[in-house]
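This report concerns only the one structure given below.
The values are calculated or read from the model by the stated rules, or taken from the named source; none is laboratory data. Since the structure is predicted, the reported quantities are computational estimates derived from the model, not experimental observations. No Cβ is skipped: glycine too gets one built from the backbone with ideal geometry, and neighbour counts run over all protein chains shown. Each accessible area value is taken on the protein alone, full model and side chains, heavy atoms only, with ligands, DNA and RNA left out. Shrake-Rupley method; radii C 1.70, N 1.55, O 1.52, S 1.80 Å.
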Amino acid sequence: MTSILVLNGPNLNLLGTRQPEVYGTTTLADIESACRDHAKKIGCEVAFLQTNSEGGLVDAIHAAKQVHSGIVINAGAYTHTSIAIMDAVFSTELPTVEVHLSNIHAREEFRHKSYLVRATIGQIAGFGLQSYLLGMDALMAHLNT
Ligand code: CA2
């Protein structure tokens, strides 16, 4: 069965506890539960991980190659800074969708740039929790064509 890794970067473990005006009241546990429910609906398996470290994200991306069919990733602030994470996604050759809760293009200038997006099949930003589910749908559509 198709297996999707949903990978989350730094500070996403704090969701729902601070800055609700930017990120809403949804917690990471809520997102995980919605991704698991959605996986059942669209007929795939899902693994859900969060790490605050850049190296942890790189390691998880490397490990995904043996196990998963594709990746949905919210790399948090590393989206805008990390060539290492972009290189890791290139190296796996797994189809990857970049997702963001907020519309990074409508926010501060420094959030408009994504290194990671160059290694992905596309980016979904601004739909809150739905960005993850849309990311899973986009990945499944890509894998099934
Ligand atoms: O909109 C997104 O999903 C982001 O990836 C979230 C990141 C941010 O750095 C990106 O530019 C866009 C931030 C992760 C969550 O940070 C929190 C900080 C304080 C309280 C709650 C969450």
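Quick notes on this one:
- When residues of region 107-145 are limited to those that are hydroxyl-bearing (Ser, Thr, Tyr) and over 18 Å from THR92 (Cα atoms), the one most open to solvent (accessible area, probe 1.4 Å): THR145
- Being modelled with pLDDT of 95 or more, open to solvent by 60 Å² or more (accessible area, probe 1.4 Å) and either of a type in the set (A, V, I, L, M, F, W, C) or within 20 Å of GLY135 (Cα to Cα) (or both) is a condition met by no residue of region 16-26.
- Pairs, first over 19 Å from ALA141 (Cβ atoms) in region 21-43, second open to solvent by 70 Å² or more (accessible area, probe 1.4 Å), C-beta under 7 Å, six or more apart: LEU28/ASN13
- Against the list (1) in contact with a strand residue (DSSP E or B) (Cβ under 7 Å, 6 or more places away or on another chain); (2) surrounded by 14 or more Cβ atoms within 10 Å (Cβ to Cβ); (3) within 13 Å of VAL6 (Cα to Cα), the condition THR51 fails is (1).
- Qualifying residue in region 56-79 (condition: without any contact (Cβ under 8 Å) to a residue 12 or more places away in the chain and open to solvent by less than 70 Å² (accessible area, probe 1.4 Å)): yes
- Any chance VAL99 is open to solvent by less than 30 Å² (accessible area, probe 1.4 Å) and either within 12 Å of the ligand (Cβ to nearest atom) or within 23 Å of TYR23 (Cα to Cα) (or both): yes
- Any chance GLN130 is under 17 Å from MET1 (Cα atoms), assigned to a helix (DSSP H, G or I) and away from the ligand (no atom under 11 Å from the Cβ): no
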